[in-house]
Amino acid sequence: MEKTYVQHDPRARTAFPAIPADIRRYVDLAGRVVIWPARRSMKLHILAYLAALFEPEQIYSEKEVNELLARYLACEDYATVRRDLCDFHYLERERDDSRYWRGEEVPTRSL
């Protein structure tokens, strides 16, 4: 089955308005990240997109973070993505990794 990426589908503009135009080539029609960018600047855009999936002021367990990321990543390496989200302060966490929350500095994205 051929994958259809958001940037190539004419329905995408109305079906997925929340997906910023600059990352549409990296996500499929379900909004899942299917291509991980090599460039750091684009990686930060993808991390911001993923961070926006977390509700502000809500506390998440590591399992909940993994489950949410698993829904939006085609790869199964959500642990690495979770660490990247924390390393770049899109997510904050307790030292023992027991609780996670969205960082206050998550950039607001315009379409």
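The values are calculated or read from the model by the stated rules, or taken from the named source; none is laboratory data. Remember, it's a predicted structure, so these values are computed and weren't measured experimentally. FYI the Cβ positions are ideal-geometry reconstructions off the backbone, even for glycines, and counts take in every protein chain you see. Areas reflect the complete protein model, heavy atoms only, side chains present, ligands, DNA and RNA absent. Shrake-Rupley method; radii C 1.70, N 1.55, O 1.52, S 1.80 Å.
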Legend entry - Matching residues in segment 20-30 - criterion: being in a loop (DSSP other than H, G, I, E, B) and open to solvent by less than 30 Å² (accessible area, probe 1.4 Å): 20
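What are the residues in segment 31-60 that are within 12 Å of residue 100 (Cβ to Cβ) and open to solvent by less than 40 Å² (accessible area, probe 1.4 Å), if any? Show your work before the answer.
Going residue by residue through segment 31-60, those that are within 12 Å of residue 100 (Cβ to Cβ) are 51, 54-55, 58-60.
Listed by number, the residues that qualify are 51, 54, 60.
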Legend entry - Every pair of residues 6+ apart whose Cβ atoms lie under 6 Å, when the first sits in segment 26-45 and is touching a residue at least 12 places away in the same chain (Cβ under 8 Å) while the second is part of a loop (DSSP other than H, G, I, E, B) and open to solvent by 40 Å² or more (accessible area, probe 1.4 Å): 26/35; 28/3; 29/4; 32/74; 34/74
Legend entry - Number of the condition not met by residue 57 [criteria: (1) among the charged types (D, E, K, R); (2) on the phi > 0 side of the Ramachandran plot; (3) not in a loop (DSSP other than H, G, I, E, B)]: (3)
Inset, instruction - Report, by residue number, each residue of segment 50-82 that is closer than 21 Å to residue 27 by Cβ and of a type in the set (D, E, K, R). - result: 55, 67, 71, 76, 77, 82
Legend entry - Residues of segment 65-111 satisfying the condition of being modelled with pLDDT under 90 and touching a strand residue (DSSP E or B) at 6+ places or on another chain (Cβ under 6 Å): 103
Legend entry - Subset tally (residues that are closer than 21 Å to residue 102 by Cβ and either of a type in the set (Val, Ile, Thr) or at pLDDT 90 or above (or both)) for segment 2-25: 2
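For residues in segment 75-103 being hydroxyl-bearing (Ser, Thr, Tyr) and over 24 Å from residue 38 (Cα atoms), which is least open to solvent (accessible area, probe 1.4 Å)? Talk me through it step by step, then tell me what you get.
Restricting attention to segment 75-103, the residues satisfying the condition of being hydroxyl-bearing (Ser, Thr, Tyr) are 78, 80, 90, 98, 100.
Checking the rest, the ones that are also over 24 Å from residue 38 (Cα atoms) come to 98, 100.
Numbers: 98: 58, 100: 1 Å².
Once the filter is applied, the top-ranked residue is 100.
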Inset, instruction - With the condition kept exactly as written, say whether any residue in segment 46-60 is modelled with pLDDT of 95 or more and among the hydroxyl-bearing types (Ser, Thr, Tyr). - result: yes
